[in-house]
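To keep things clear, I will list the structure first and then write my remarks on it.
The values are calculated or read from the model by the stated rules, or taken from the named source; none is laboratory data. On a predicted model such as this, the values are computed, not experimentally measured, just so you know. In this analysis, Cβ positions are derived from the backbone assuming ideal geometry, glycine residues included, and neighbour counts consider all displayed protein chains.
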Amino acid sequence: MKKFVAALISSIIMFLLSAVAQAGSAIWDLNPTSGDWNTAANWTPTTVPNGPADTATFDLSNTTAVSISANTTVDGITFASNATNSYTITANSRLTLSGTGITNNSGTTQDFVAANRIFFTNSAAAGNSIVFINNGSSNENSVGGQMFFNDTSTAGGASFTNNAAGGFAGATFFLGFSTAANGNFTNNGTTNAISDGGVTAFGDNSTAANGTFTNNGGLANGAGGGGTGFANSSTAANGVFINNAGTVNGAGGGVTSFNNSSTAANGTFTNNGATVSGAGGGGTRFFDSSLASDGTFFNNGSAVSGGGGGFTLFTDGNPTAANGMFINNGGTVSSAGGGITSFSSTSTAGSATLIANGSTNGGEGGAIFFQDRSSGGTSRVEVFGNGNLDISSHDAPGATVGSIEGSGNVFLGANKLAVGSNNLSTPFSGVIQDGGQNGGTGGSLTKIGTGTLNLAGANTYTGNTNINGGVLQVDGSITSNTFVNPHGTLAGTGTVIGNVTNNSGGTVSPGDAPGTLTVNNYTQRQGGTLLIDIAGTSAGQFSVLNVFGTAKLSGRLDPVLQNGFVPTIGESFIFLDYGAVTGTLGIFDRNIDNAMEHWKVTYQSTDAILTVAPGNVPVPDHGSTLLLLTLSLLGLVTYRQKCWQ
């Protein structure tokens, strides 16, 4: 028994010594017996680099196709300066680089193929002039080649290609605080409609840093494209992302996706339109509470009739475009799809800039869509040519945007568009109209904020116009009934084909200081103001409100002298034209500043005239006027209370 135990201990010791002898740093031989990494005879000294402190060095060799046949861990892999022939190292079993990573001093590009898994841990780097190919599995039940970056490891300046096959696709994963650094990543689409394209994925707090990522489209009808995905708190940082379209009819494009609280940071994203009819464009998608941050997104139109444009989608949760810049370009041939940015679910445009450019050669224009319960936030919307903004699929009552500008189209459907939340002053010469992708009539416009929206086009929406803040300057035309509410001003030299109601606290200021504004019927309620700018006696030097129908007048008239002009006694200004008139306007202080003159208003059958009369007149006492107004309001309240009883 003692001899048996002694022999067993002796054999265990020999095994351990043998194991120690079989692990250590080594140099790949000039003429190895085979291409197997895990054969000790292929190394000098005769040992297999397979330990967390080991370094595998590759020098000049006649065998450069190396295969890893057993799970292997090393601190690093070094390609020496005279390894001028290119190696291809294939990981058929797991390879872990746990320290330095890969160092390439050869001046030659070196290749790694992941048929299994390659791990970078701790601070390991993938090195420069290194090409990694992660092949997909041909068996739908088996895993493709995969690479993992963990901890604070980095892709360095290496290049990565993630291929697809019939089963699981090749993939590269970044976890922990790892970084893609200056790596170059290509994720290829699949030829199989039930499998996924190659993938690069970021999780935890990892970052794409300055990497370049190309996601190619699918290669068969129904097949998906390659993808780059961000989850948790990962970030695209300053990465460059190119999402290409599908390559055949019915194939999907490459995609970059953001999930959880990940962010596009300062990344640049180019989503290309299709060059094959029926193929989908490349795209970027935001889900959950992800952020576009300060990213720049180019959604390019298709170059073929029936092809899809590139797209950026915000959906499923509360993702936000933040401060991103989104440029949606039109198709370049007849019936080619334009680039699209779409907001759905409860997503928001934040303070993004959204641009929809027109097409060329009869293609579809770029488009911006707000759907469901999404919000336009304080976004700046610019539409040109046949580019458009469409809120027809939004839930009632409608959507809000910061501002609109340009020469394109705005489709309201049956919804309300509120404009002005960013307080910018912008010109819009396009057409605001009913209809859109969801159809509908009765669309309305509400001006909010402190800025000026200048409508220079012939707008045809059929719902009401409400001016609740800032200035709506109509230099073109609107067809709707218009209500000027407290803190709002209606101005311009165009035409309001509908009726205008100037409510208490509202202001109507014809012209662009000055000029003529034409309306259908005009009602000014008590507390409303008609402001008339006067810069001279000639036509066009003073404001005119031209009323086709009836002017029902109350409230205040406010003549304002401009550019230092002071009229002389006897000069007159026809400031109001009408078909019929009821009521009058009052001037609170009729005296003309710094002159012994005052204003006098005369109402004639078809117009009202401001005339300069000699001398000053008494100015109403502010306190008395306020008291009378208060008593009037109290009387009105008492009257209403009696009516309600």
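Points to keep in mind about this one:
- Strands (runs of 3 or more DSSP E) (entirely within the stretch 58-146) containing at least 1 residues that are in contact (Cβ under 8 Å) with a residue 60 or more places away in the chain and within 30 Å of Thr190 (Cα to Cα): 128-134
- Scanning the stretch 573-593 for residues that are among the aliphatic types (A, V, I, L, M) and more than 20 Å from Ile534 (Cα to Cα), we see that the one that is surrounded by the most Cβ atoms within 10 Å (Cβ to Cβ) is Val581.
- Residue match in the stretch 297-320 (condition: within 12 Å of the chain's Cα centre (by Cα) and of a type in the set (Gly, Ala, Ser)): no
- Among residues of the stretch 221-233, those that are among the small types (Gly, Ala, Ser) and more than 18 Å from Gly170 (Cα to Cα), counted: 3
- Being among the charged types (D, E, K, R) and closer than 25 Å to Thr450 by Cα is a description that does not apply to Asp395.
Let's see how each residue does on (1) at pLDDT 95 or above; (2) surrounded by fewer than 19 Cβ atoms within 10 Å (Cβ to Cβ); (3) under 24 Å from Thr212 (Cα atoms); (4) of a type in the set (Ser, Thr, Tyr):
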| residue | (1), (2), (3), (4) |
| --- | --- |
| Thr64 | yes, yes, no, yes |
| Ser81 | yes, yes, no, yes |
| Arg94 | yes, yes, no, no |
| Gly101 | yes, no, yes, no |
| Ile130 | yes, no, yes, no |
| Thr161 | yes, no, yes, yes |
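- Of Thr450, Thr462, all but one fail to be surrounded by fewer than 22 Cβ atoms within 10 Å (Cβ to Cβ), within 28 Å of the chain's Cα centre (by Cα) and within 22 Å of Gly398 (Cα to Cα); the exception is Thr450.
- Set side by side, the residues Ala292, Ala251, Ala274 differ, and just one is more than 18 Å from Asn188 (Cα to Cα), of a type in the set (A, V, I, L, M), in contact (Cβ under 8 Å) with a residue 60 or more places away in the chain and out of contact with any Lys or Arg (no Cβ under 8 Å at 6 or more places or on another chain), which is Ala292.
- 1 or more residues aromatic (Phe, Trp, Tyr): qualifying strands (runs of 3 or more DSSP E) within the stretch 304-393: 311-317, 325-328, 340-343, 367-370
- Residue within the stretch 195-213 that is of a type in the set (Asp, Glu) and either under 24 Å from the mean Cα position of the chain (by Cα) or within 21 Å of Asn266 (Cβ to Cβ) (or both) present: yes
- When the stretch 552-565 is filtered for residues that are more than 14 Å from Arg590 (Cα to Cα) and either touching a residue at least 24 places away in the same chain (Cβ under 8 Å) or of a type in the set (S, T, N, Q) (or both), the ones remaining, listed by number, are Lys552, Leu553, Ser554, Gly555, Gln562, Asn563, Phe565.
- Asp54 meets each of the listed conditions (1) within 45 Å of the chain's Cα centre (by Cα); (2) more than 16 Å from Gly156 (Cβ to Cβ) apart from (1).
- Checked against (1) farther than 20 Å from Gly443 by Cβ; (2) buried (at least 24 other Cβ atoms within 10 Å of the Cβ); (3) over 19 Å from the mean Cα position of the chain (by Cα), Gly366 meets all criteria but (3).
- If only residues of the stretch 571-580 that are out of contact with any Phe, Trp or Tyr (no Cβ under 6 Å at 6 or more places or on another chain) and assigned to a strand (DSSP E or B) are counted, the one that is farthest from Gly511 (Cα to Cα) is Ala580.
- The criterion of being closer than 20 Å to Asp29 by Cβ and either among the charged types (D, E, K, R) or within 41 Å of the chain's Cα centre (by Cα) (or both) holds for Asp111.
- Criterion applied to Gly549, Gly536, Gly564 was being of a type outside the set (Ser, Thr, Tyr) and more than 23 Å from Pro614 (Cβ to Cβ), and the one residue passing it is Gly549.
- Residue in the stretch 109-120 that is surrounded by 22 or more Cβ atoms within 10 Å (Cβ to Cβ) and farther than 17 Å from Ile68 by Cβ present: no
- Restricting Asn409, Asn361 to those that are closer than 16 Å to Gly309 by Cβ and without any contact (Cβ under 8 Å) to a residue 60 or more places away in the chain reduces the list to Asn361.
- Close pairs from the stretch 185-207: first at positive phi and touching a residue at least 12 places away in the same chain (Cβ under 8 Å), partner part of a loop (DSSP other than H, G, I, E, B) and of a type outside the set (S, T, N, Q), Cβ under 9 Å, at least 6 apart: Asp204/Leu175; Asp204/Gly176; Asp204/Phe177; Asp204/Ala231
- Strands (runs of 3 or more DSSP E) contained entirely in the stretch 196-269, each with at least 2 residues that are under 18 Å from Gly317 (Cβ atoms) and modelled with pLDDT of 95 or more: 227-230, 255-258
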